[in-house]
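Only one structure is covered here, and it is reproduced in the block below.
The values are calculated or read from the model by the stated rules, or taken from the named source; none is laboratory data. As the structure is a computational prediction, the values presented were derived from the model and not from experiment. Cβ: placed from backbone, ideal geometry, glycine included. Neighbour counts: every protein chain shown.
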Amino acid sequence: MLPDHPPRPLLAAGIAAGVRSLGALVRLERSEGAGLPDDGPAVLAGWHGEQVALLLAYRNTGMRVLVSRSRDGQLATSALARLGVGAIRGSSSTGGAAALREGIRHLQAGGRVAVLVDGPRGPRHQPAQGAATLAAMTGVPIVCMRAFTRRALRLRSWDRFEVPLPFARVQVRARALPAPGRSSIPAATDDIRRTLTALGESQR
């Protein structure tokens, strides 16, 4: 059972409206290969601090996002629902097994699951094994995703959370990794870290 957190519908509606407005104002530029296949399941892996820009880039791809069971996670779930994006509730710290089962079912049905691999608490840019586990259990590829902008509001949080400013140019980069074997989950998790890091280095 999920924790009983008071709903905050007005705040969720405001966040969703802000994301929709921002999506109309920023300029998204995708590098070659940064789009997703037209169909077929995939595990999408990105960093927690870049989630707003990644949502702008991939919100219309039929994905579901792994969201923690915290109070902030409930708020995010409500906001995502208003943007037409589903949520799978659970994280490495709470509800992970249930989230894993739901994610596997969604992938086996042909859907996509997005995982902010260093969330919900960090350490920053140190991925947990959830994304690799989902891919290994279902045999679907992993798509590592990054989003970059020079003009953003950047918070002094553990993840250096950033929100692109209106009229900013957001550059999106992605690289696919093959599904790992079940015995290769730790190695695949390190591959995700190295790939996300390399996508950032290619941006410099």
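Checked against the criterion of being among the charged types (D, E, K, R), without any contact (Cβ under 8 Å) to a residue 60 or more places away in the chain and either assigned to a helix (DSSP H, G or I) or closer than 19 Å to Gly111 by Cβ (or both), region 36-44 has at least one qualifying residue.
Count of region 70-102 residues, restricted to those that are farther than 20 Å from Arg8 by Cα, touching a residue at least 60 places away in the same chain (Cβ under 8 Å) and not in a loop (DSSP other than H, G, I, E, B), is 0.
In the list Phe167, Phe161, which residue meets the criterion of being closer than 15 Å to Gly49 by Cβ, in contact with a helix residue (DSSP H, G or I) (Cβ under 7 Å, 6 or more places away or on another chain) and surrounded by fewer than 20 Cβ atoms within 10 Å (Cβ to Cβ)? Among Phe167, Phe161, only Phe161 is closer than 15 Å to Gly49 by Cβ, in contact with a helix residue (DSSP H, G or I) (Cβ under 7 Å, 6 or more places away or on another chain) and surrounded by fewer than 20 Cβ atoms within 10 Å (Cβ to Cβ). Considering region 99-111, the residues that are modelled with pLDDT of 95 or more and buried (at least 21 other Cβ atoms within 10 Å of the Cβ) include one that is farthest from Ala42 (Cα to Cα), namely Gly103.
With respect to the conditions (1) closer than 22 Å to Ser31 by Cβ; (2) surrounded by fewer than 23 Cβ atoms within 10 Å (Cβ to Cβ); (3) touching a Leu at 6+ places or on another chain (Cβ under 6 Å), Cys144 lacks only one, and its number is (2). Residue pairs whose Cβ atoms lie under 6 Å apart, separated by 6 or more positions or on different chains, with the first residue in region 172-188 and closer than 27 Å to Ala57 by Cα and the second part of a strand (DSSP E or B) and of a type in the set (Val, Ile, Thr), are Ala174/Val143; Ala176/Val143; Leu177/Ile142. Within region 1-35, restricting attention to residues that are part of a helix (DSSP H, G or I) and either at positive phi or not small (Gly, Ala, Ser) (or both), the residue that is modelled with the lowest pLDDT is Pro9.
Here's the yes/no breakdown for (1) out of contact with any strand residue (DSSP E or B) (no Cβ under 6 Å at 6 or more places or on another chain); (2) among the aromatic types (Phe, Trp, Tyr); (3) buried (at least 23 other Cβ atoms within 10 Å of the Cβ):
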site	(1), (2), (3)
Ala45	no, no, yes
Ala53	no, no, yes
Arg64	no, no, no
Arg69	no, no, no
Ser78	yes, no, no
Gly84	yes, no, no
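Look at Gly96 and say whether it is more than 17 Å from Ala42 (Cβ to Cβ) and surrounded by 17 or more Cβ atoms within 10 Å (Cβ to Cβ). In short, yes. Scanning region 46-69 for residues that are outside any helix (DSSP H, G or I), modelled with pLDDT of 90 or more and farther than 14 Å from Arg121 by Cβ yields Gly46, Met63, Arg64, Val65.
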